Structures are given as C-alpha cells and as structure tokens.
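To keep things clear, I will list the structure first and then write my remarks on it.
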Amino acid sequence: MTLTRRSALLAPALPLLLPQSAAAQTGFQEGKHYTRIQPAVPGTAGKVEVVEFFWYGCPACYAFETAIQAWAQRLPAWVAFRHQHVFFREQTRPHQRLWFTLQAMGVEHRFRSAIFAAMHAQRNPLDTPEAMIKLLQPAGLDVARFQSVWASFDPKAFSGARIAAANRQAAEQYKVSGVPALAVGGRYIFTVAEAADRRQESPVGASALRLADQLLNSLKPA
C-alpha cells in the first residue's frame, strides 16, 4: 500500500559506506528494489536493527504477517527487530493509537493477530476505543489500564508527542513511502511490493525477506 502523505528530508549525498552488497550480487538493484537511507538512521545500540512499518488495516500487511513473524523468530542475536505502526491518513489514526497503547502496556504481541483478523477476516473497522475493548476484553485485555493508557496518548497529552515524533521519523528520516516496508540497519528501506518488482508472489513477502537477509549479511558485525 502506497502512502499518500509524506514529508521529504533534504540531506546531502553521502559516499558509499559499504562494499557491494550481497543484494546487488543476487539480482536486487539499489534504486529499484531498495533505497539507501541518507543519512543513516541510528538504531538499537550494539545491534543491526530491522523495522517493519505497517498498518493494521493494510491488506498487504495482513498477508505478510505470518511470514514476517516466522522470519523474526529465527533472526540471530546481533539483529534487533521491531514493528512501527504508521500514520498517513485519518483512517489510520485510531489504529496507530491502539498500537502505541498496547505497546506501552507491553501486550501488543498478545493481541496482534486478533486485531489483524478482526479488521480483515471479520471486516471490523476497530475505529473507536469501545470497539477495541469489545474485541480484546474477552482475550484478557486489562480494560481499566487500557483506558488510562489510551487517554495518555491523546494528541494533546504528553505521551501523544511520542506518536508525533514517530511519524516525523518515519516520514523524514526513513522516508517511508508505502507499507508493509522494511528498514534494515538504518541504511536501507524497501516495500514488499518493491522487493517483488511489483509482481504477485506466493508466499507474500518472500522476495522482501530474501532481500532483508542479504542486506543483513552485508551489515553483519565482524
């Protein structure tokens, strides 16, 4: 899914920091299948970080979910993996706030699959906190805590600034242009569609994960 709202960060070109990547050696081309991030975005200290940018309501993200979760489970210790929910139109705002709320509670991983299934298999828009509670309470959601943390992420509240900062980073530093997208090591970014050369493939995301593996290998610590 292509994002329709995006900010651009103007940055001077940097010299090539790495030797020719494994991606280039196996058919993936910079500028076509992936983009170099300039300047590179700092990540988790001592790790090579992979970030999946997604939206709960994105059909391609739903299709990619099984593959990306299985892939993340087998990553080596020197790789740090995390998800980041994006905002790009008003429809996505409550879903991003839901993600931040569950992340702050430390329970997003428990409810992630139920949220995806509700939105895509059950056609539940989950566009209000009441609808979210109705879905997640039977699965063990602490409703009182959810309501408290949800309120703290009001755009006018202090914690709401965290969402705004994450949106600026996605747009200005990572330059996210569509979802699902993977950023590798703060140096490269690509969407699942770009990695597959915009072809339909099965399983969804196979090319993206192969490209991610190859870029990670080029960044592997000595």
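Picking from residues in segment 147-176 that are of a type in the set (A, V, I, L, M) and not in a helix (DSSP H, G or I), the one that is farthest from H85 (Cα to Cα) is A157. The single condition from (1) part of a strand (DSSP E or B); (2) free of Cβ contacts under 8 Å to residues at least 24 places away in the same chain that A144 fails is (1).
Pairs meeting the criteria (first residue in segment 154-172 and within 14 Å of L98 (Cβ to Cβ) and modelled with pLDDT of 90 or more, second residue open to solvent by 60 Å² or more (accessible area, probe 1.4 Å) and assigned to a loop (DSSP other than H, G, I, E, B), beta carbons under 8 Å, at least 6 apart or on different chains) are I163/P155.
Within segment 120-167, if we keep just the residues that are under 23 Å from the mean Cα position of the chain (by Cα) and of a type in the set (D, E, K, R), the residue that is least open to solvent (accessible area, probe 1.4 Å) turns out to be D154. Consider segment 61-82 and keep the residues that are outside any loop (DSSP other than H, G, I, E, B) and either touching a Pro at 6+ places or on another chain (Cβ under 6 Å) or modelled with pLDDT under 95 (or both). The one that is most open to solvent (accessible area, probe 1.4 Å) is A67. Taken together, the criteria exclude H109 from residues that are of a type outside the set (A, V, I, L, M, F, W, C), part of a helix (DSSP H, G or I) and surrounded by 19 or more Cβ atoms within 10 Å (Cβ to Cβ).
Only a single item in (1) open to solvent by 50 Å² or more (accessible area, probe 1.4 Å); (2) modelled with pLDDT of 95 or more; (3) not in a helix (DSSP H, G or I) is not met by Q200, and it is number (2). Scanning segment 180-196 for residues that are in contact (Cβ under 8 Å) with a residue 60 or more places away in the chain and either of a type in the set (G, A, S) or farther than 20 Å from L216 by Cα (or both) yields A181, A183, G185, G186, A193, A195.
Of all residues in segment 83-106, those satisfying the criterion of being at pLDDT 95 or above, assigned to a loop (DSSP other than H, G, I, E, B) and farther than 17 Å from G140 by Cβ are V86, F87.
The values are calculated or read from the model by the stated rules, or taken from the named source; none is laboratory data. The model shown is predicted, which means the values in this text are computed figures rather than measured ones. Please note: Cβ atoms are built from the backbone with ideal geometry, for glycine as well, and neighbour counts cover all protein chains shown. Just the protein is used for accessible areas: all its heavy atoms, side chains included, with ligands, DNA and RNA removed. Shrake-Rupley method; radii C 1.70, N 1.55, O 1.52, S 1.80 Å.
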